[in-house]
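Structure first, then comments.
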Amino acid sequence: MSIDFFNDYSMTISGKAVGGSGMFDAFNPASEERIASVPEASLEQLNTAVAAAEAAFPQWSARPIEERQQLVSRIGDVIEEHAESFMRLLTREQGKARKGAEWEIGGSAYWCREIAKQSLPVHVTELSTDRRVETRRVPLGVIGCITPWNFPVLLAVWKIAPALVAGNTVVLKPSPYTPLCTLKLGELLREILPPGVFNIVSGGNELGAWLTKHPKVSKVSFTGSTATGRKIMEAASGNLKRITLELGGNDPAIVLPDVDIKETAQKLFWAAFQNSAQFCVAAKRLYIHEDIYDELAAELVAFARTVKVGDGSDQGTDLGPIQNRMQFEKLKDLFADIKDRGQNVLLGGDIGEGPGYFVPVTIVDNPPEDSRVVMEEAFGPVLPLLKFKDLDDVIKRANNTEYGLAASVWGRDIDAARKAAERIEAGTVWINEIHTFSPHVAFGGHKQSGIGIENALEGLAEYTNSQTIVVNSAA
């Protein structure tokens, strides 16, 4: 199927192209130029989308899982077939450089194919001559998916693929900052999925609130901020919706004194700054043992000077702009606080006036533990380096946060690194690597970093209810 990725954006409701009751603009964050007009859904259109998903649910859920798996795998094929257009459009609307776009679009195709291989077995707990007790997993119904602007395609796929494999139907709302790739995915899937199985509506925060509260939506799967996650949890109480919330993080990295400093410095740089640090699991607080602090800090700064920040569509760009004006202004405010407090900046620290939402890679030298740059999730390319001497102390400092999404530990003594990792309050802790995800590895947060699991069979189960069948054949 051939479509124009760069013009004519429409929503998908019941397998058809639908315009909005109004329009809003999408912008290129590298230039601040308007790049598209995007349909804005009304409450009535959302109701129509939910009704279409509800109507499609009985037939879709009754379809053999093998057929659902084949169609979800086909979604991966379609993404791969149009990978070049997806990557160009993703850079245009999100800002990320080519390597980042390749990682996201390639990962999206792979995720669809791998999730399509998964199924939840029936668990037999009793089996005798006259009696059988089994527990099976059954789909929930209509799933409302709300996706963020940092990885708009991949994190949509993380929701779409398991929801459909499990037998649910979907109404998805992309971020108003990055709706274009998602709308084009919906356009492509009109030819693949039965009408109503997959619907996309676009709009702002009001649309998200309507979707969250909708009485016919059985579950909301949301990726975004903890503050918004709290609102979704409250709104979902109306009909006791199931929820999966993948929320914020202030992810610590602990560097033990026995690392290879030069090699580890490059890994730590990308751990912190990949996707311009617009990454919920980016290393946001870097705790370095005092014995190697100065040398590692110098290596980080030296490597950072080799990294090019610029328009993601330009050849040689490593890191693109911040995606939107709102986040850009938050970072400007944080940078002003760093200056006002007189904190020592080893690199960067000054944000230009544009055009484009460009923020330089910024490294802050051992700021106080209670400073904003340490306590807040910056969601931009600023990294505090923090000195430690005692392992017990640094574990306590690492855990001193409302968040618990991810963390990492770096050291040659694997036993020591593992013992440290096991004490960190986070859903994922990497040792000597970071940001390695898999469709077959569970991912979820502790504390206020979220509720529920994405990926693996645990993530697939999130889109189902358990049902126990008891059969007595002697009656």
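The values are calculated or read from the model by the stated rules, or taken from the named source; none is laboratory data. Note that the coordinates shown come from a computational prediction; the quantities given were computed from them, not determined experimentally. Using ideal geometry, Cβ is built from the backbone for each residue, glycine included, and neighbour counts are taken over all protein chains shown.
Show me the helices (runs of 4 or more DSSP H) found entirely inside region 325-440 where at least 2 residues are within 23 Å of the chain's Cα centre (by Cα) and either over 30 Å from residue 30 (Cβ atoms) or modelled with pLDDT of 95 or more (or both). It comes to 325-340, 372-375. When region 285-309 is filtered for residues that are more than 24 Å from residue 249 (Cβ to Cβ) and either touching an Asp or Glu at 6+ places or on another chain (Cβ under 8 Å) or of a type in the set (Lys, Arg) (or both), the ones remaining, listed by number, are 305, 308. Listed here are the strands (runs of 3 or more DSSP E) enclosed by region 112-160 that have at least 1 residues being surrounded by fewer than 21 Cβ atoms within 10 Å (Cβ to Cβ): 123-127, 131-139.
If I go through region 438-457 residue by residue, how many of them are free of Cβ contacts under 8 Å to residues at least 40 places away in the same chain and in contact with a Gly (Cβ under 8 Å, 6 or more places away or on another chain)? Residues meeting the conditions: 1. Could you list all residues from region 161-189 that are among the aliphatic types (A, V, I, L, M) and either over 17 Å from residue 245 (Cβ atoms) or touching a helix residue (DSSP H, G or I) at 6+ places or on another chain (Cβ under 7 Å) (or both)? Correct list: 161, 164, 165, 166, 170, 171, 172, 180, 183, 185, 188, 189.
Can you confirm whether region 397-405 contains a residue that is outside the structural domain of residue 228 (by TED's automatic domain parsing), farther than 28 Å from residue 342 by Cα and hydrophobic (A, V, I, L, M, F, W, C)? Yes, region 397-405 contains a residue that is outside the structural domain of residue 228 (by TED's automatic domain parsing), farther than 28 Å from residue 342 by Cα and hydrophobic (A, V, I, L, M, F, W, C).
Of all residues in region 450-466, those that are hydroxyl-bearing (Ser, Thr, Tyr) and either within 16 Å of residue 220 (Cα to Cα) or modelled with pLDDT under 95 (or both) total 2. Among residues of region 276-317 being in a helix (DSSP H, G or I) and touching a Pro at 6+ places or on another chain (Cβ under 7 Å), the one that is surrounded by the fewest Cβ atoms within 10 Å (Cβ to Cβ) is 277. Taking the condition modelled with pLDDT of 95 or more, out of contact with any helix residue (DSSP H, G or I) (no Cβ under 7 Å at 6 or more places or on another chain), hydroxyl-bearing (Ser, Thr, Tyr) and not assigned by TED's automatic domain parsing to the domain that holds residue 361, does residue 218 pass? Yes: the conditions hold for residue 218. Residue pairs whose Cβ atoms lie under 8 Å apart, separated by 6 or more positions or on different chains, with the first residue in region 101-112 and under 21 Å from residue 318 (Cβ atoms) and the second assigned to a helix (DSSP H, G or I) and at pLDDT below 95, do not occur.
Results for (1) in contact with a strand residue (DSSP E or B) (Cβ under 9 Å, 6 or more places away or on another chain); (2) over 18 Å from residue 436 (Cα atoms); (3) modelled with pLDDT under 95, shown as yes or no for each residue.
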{"residue": "224", "(1), (2), (3)": "yes, yes, no"}
{"residue": "280", "(1), (2), (3)": "yes, no, no"}
{"residue": "283", "(1), (2), (3)": "yes, no, no"}
{"residue": "290", "(1), (2), (3)": "yes, yes, no"}
{"residue": "302", "(1), (2), (3)": "no, yes, no"}
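The single condition among (1) closer than 24 Å to residue 420 by Cα; (2) of a type in the set (Gly, Ala, Ser); (3) surrounded by fewer than 16 Cβ atoms within 10 Å (Cβ to Cβ) that residue 444 does not satisfy is (3). Determine if region 137-147 includes at least one residue that is closer than 17 Å to residue 186 by Cα and among the hydroxyl-bearing types (Ser, Thr, Tyr). Scanning region 137-147 turns up at least one residue that is closer than 17 Å to residue 186 by Cα and among the hydroxyl-bearing types (Ser, Thr, Tyr). Scanning region 70-101 for residues that are outside any helix (DSSP H, G or I) and within 23 Å of residue 325 (Cα to Cα) yields 95, 96, 97.
Considering only region 296-312, I want to know if a residue exists there that is among the charged types (D, E, K, R), in contact (Cβ under 8 Å) with a residue 40 or more places away in the chain and in the same structural domain as residue 433 (by TED's automatic domain parsing).
Of region 296-312, the ones among the charged types (D, E, K, R) are 299, 305, 308, 311.
Going one step further and asking which of them are in contact (Cβ under 8 Å) with a residue 40 or more places away in the chain, we end up with 305, 311.
When the remaining residues are screened for being in the same structural domain as residue 433 (by TED's automatic domain parsing), the result is 305, 311.
Scanning region 296-312, I find at least one residue that is among the charged types (D, E, K, R), in contact (Cβ under 8 Å) with a residue 40 or more places away in the chain and in the same structural domain as residue 433 (by TED's automatic domain parsing), so the answer is yes.
Determine, yes or no, whether residue 391 is crowded, with 19+ Cβ neighbours inside 10 Å and closer than 30 Å to residue 437 by Cα. No.
Pick from 244, 264: which is within 25 Å of residue 104 (Cβ to Cβ) and either outside the structural domain of residue 460 (by TED's automatic domain parsing) or crowded, with 22+ Cβ neighbours inside 10 Å (or both)?
Exactly one residue qualifies, and that residue is 244.
Is it the case, given these coordinates, that residue 187 is within 20 Å of residue 85 (Cα to Cα) and assigned by TED's automatic domain parsing to the domain that holds residue 79? So residue 187 fits the description; yes. Residues in region 32-67 that are in a strand (DSSP E or B) and buried (at least 20 other Cβ atoms within 10 Å of the Cβ): 36, 38, 39, 40.
Restricting attention to region 250-259, does a residue exist that is assigned to a strand (DSSP E or B), farther than 24 Å from residue 454 by Cα and touching a residue at least 12 places away in the same chain (Cβ under 8 Å)? The answer is yes; a qualifying residue exists. Scanning region 455-475 for residues that are of a type in the set (A, V, I, L, M, F, W, C) and part of a helix (DSSP H, G or I) gives 456, 457, 460, 461. Can you confirm whether region 342-357 contains a residue that is polar (S, T, N, Q) and out of contact with any Phe, Trp or Tyr (no Cβ under 7 Å at 6 or more places or on another chain)? Within region 342-357, one or more residues are polar (S, T, N, Q) and out of contact with any Phe, Trp or Tyr (no Cβ under 7 Å at 6 or more places or on another chain). Filter region 1-53 down to the residues that are among the small types (Gly, Ala, Ser) and free of Cβ contacts under 8 Å to residues at least 12 places away in the same chain and list them by number. Once the filter is applied, which keeps residues that are among the small types (Gly, Ala, Ser) and free of Cβ contacts under 8 Å to residues at least 12 places away in the same chain, region 1-53 yields only 2. Exactly one residue out of 86, 27, 5 is under 26 Å from the mean Cα position of the chain (by Cα), buried (at least 16 other Cβ atoms within 10 Å of the Cβ) and not assigned by TED's automatic domain parsing to the domain that holds residue 102: that is 5.
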